[in-house]
Amino acid sequence: MTERRPAIGFWLTVAAVVMLAAYPLSAGPACWLWARGALPTGGWPYRIYSPLFAASSWNSQVREASAWYVGAGFPDESPVVELMFLKAQYQWAERYPDLFPKLDLRCNGF
């Protein structure tokens, strides 16, 4: 009997699943390194992860967990994390108003 090797479709599925898991999991470490100056300055973490930040606004528990994970490695109690999430939510809501709930204009104490 000859061994059958996995088809290309199998490997594409594996790669897609890994990418879908790696994208949200990489948000925390990328933002932590950026906040500590270990990565180039600029707003690149926000640009890369803004879809993730905006999508987390659909569910308050997901948003709280995401904000905790991204903010856990920041040097102090920085409002930067909350501001990144709010900015992403507003920008994506302007582009896709049907996907996002009506936004609360209060900034939770900021």
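The values are calculated or read from the model by the stated rules, or taken from the named source; none is laboratory data. Values in this document were obtained by computation on a predicted structure and should not be read as measured data. Heads up, the Cβs are rebuilt from the backbone with ideal geometry, glycines too, and the neighbour counts pull from every protein chain shown.
See the values below:
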| read-out | value |
| --- | --- |
| Residue that is closer than 23 Å to GLN91 by Cβ and among the basic types (Lys, Arg), where the choices are ARG5, ARG63, ARG36 | ARG63 |
| Members of segment 53-77 found to be under 17 Å from LEU25 (Cβ atoms) and either touching a Pro at 6+ places or on another chain (Cβ under 6 Å) or polar (S, T, N, Q) (or both), listed by number | SER56, SER66 |
| Close pairs from segment 25-53: first surrounded by fewer than 16 Cβ atoms within 10 Å (Cβ to Cβ), partner assigned to a helix (DSSP H, G or I), Cβ under 6 Å, at least 6 apart | LEU39/LEU33 |
| Test: residue in segment 18-25 that is of a type in the set (A, V, I, L, M) and modelled with pLDDT under 85 | no |
| One residue from GLU3, GLU64 being more than 13 Å from the chain's Cα centre (by Cα) and modelled with pLDDT of 75 or more | GLU3 |
| Residue check for THR41: among the polar types (S, T, N, Q) and at pLDDT 75 or above | no |
